[in-house]
Amino acid sequence: MRLIQKLLVFVLCFPLLSFGQKNDTKNWIQLFNGKDLTGWVVKIKGYPLGENIHNTFRVEDSLLKVSYDGYEDFGESFGHIFYEKPFSNYILKLQYRFIGKQAKGGQDWATKNSGIMIHSQSPQSMELNQSFPVSLEVQLLGGIDKDIERPTGNLCTPGMHVTMHNQKLTEHCIPSSSPTFYGEEWINVEVEVHNDSLIKHIINGKEAISYSKPVFGGDYNTTFKEGTPVKMGYISLQSESHPIEFKNIEILELEP
């Protein structure tokens, strides 16, 4: 009798579980199709919107690659590739890895350095010679010296301030609690965004940093009114002179 009861419970619950799993899969949106840059817009410092100089952002082997083999000297050609629409409440997931050597002429601090910009201004609103969009940066770093820790998933704030532990912070970059990754392994990143009430950076399944109440402010802000809350914005990926690859870029929009 007990066996029959257990089987009935399993049969009744299984369709519900299957339905929930299908719903969850369906709600995730693939931002990168693995074939081309459809849905993405390039903005590189010193060049008009949409000009992807030297094929910096490209698709190869189903990966979104940031490459510099066409550059004679990188200089300050900082670039970003933006998804075409803004978001407010969501979970963003992707994988990244640093590969190869830094481009000739890249800044020392940019070695194994890139980022995911969130709550960003639109690419259309950036000035021609603007290096970075006003945004929150999920800073991606790779280890260089085995004796020096270099956590990833940090927070940098070009043109913004945030609140952590009930204190408003004005530092440009705030380190996370993630470990340092020295090789060319793939790293899993999740960014959980609840409007302006809570934002989390999650590295390989573990929360690395969280904060809230982003507002416009600071040296990089030349466009927006100081102190204005930032509740939504664009998502972009950086080109800062070190080759990096991205894959499985997807988003789950959340209820407000």
*asked:* Go through region 175-201 and report how many residues are among the aliphatic types (A, V, I, L, M), in contact (Cβ under 8 Å) with a residue 40 or more places away in the chain and farther than 17 Å from Gly115 by Cβ.
replied: 0
*Single match in Ser176, Ser114 (criterion: among the small types (Gly, Ala, Ser), at pLDDT 95 or above and not in a loop (DSSP other than H, G, I, E, B))*: Ser114
_Matching option when the condition is of a type in the set (A, V, I, L, M), at pLDDT 95 or above and either in contact with a Ser or Thr (Cβ under 7 Å, 6 or more places away or on another chain) or part of a strand (DSSP E or B) (or both), among Leu128, Leu140_ = Leu140
*Look at His161 and say whether it is surrounded by fewer than 16 Cβ atoms within 10 Å (Cβ to Cβ) and over 22 Å from Lys85 (Cα atoms).*
no
_Residue satisfying all of: in region 164-195; farther than 16 Å from Phe98 by Cα and in contact with a Gly (Cβ under 7 Å, 6 or more places away or on another chain); surrounded by the most Cβ atoms within 10 Å (Cβ to Cβ) among these_ = Ser178
*May I ask you to verify whether Ser122 is under 24 Å from Trp40 (Cβ atoms) and not acidic (Asp, Glu)?*
yes
*Has region 211-232 got at least one residue that is closer than 19 Å to Lys112 by Cβ and out of contact with any Pro (no Cβ under 8 Å at 6 or more places or on another chain)?*
no
*Output the residues belonging to region 47-89 that are farther than 14 Å from Pro243 by Cβ, surrounded by fewer than 19 Cβ atoms within 10 Å (Cβ to Cβ) and among the aromatic types (Phe, Trp, Tyr).*
Tyr47
*For Glu190, are the conditions met, namely being assigned to a loop (DSSP other than H, G, I, E, B) and either of a type in the set (Asp, Glu) or closer than 23 Å to Asn89 by Cβ (or both)?*
no
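What do you reckon, is Asp108 out of contact with any Ser or Thr (no Cβ under 8 Å at 6 or more places or on another chain), surrounded by fewer than 22 Cβ atoms within 10 Å (Cβ to Cβ) and under 12 Å from Glu240 (Cβ atoms)?
yes
The values are calculated or read from the model by the stated rules, or taken from the named source; none is laboratory data. Model, not experiment: these values are computed from the prediction. Every residue, glycine among them, receives a Cβ derived from its backbone with ideal geometry; neighbour counts consider all protein chains shown.
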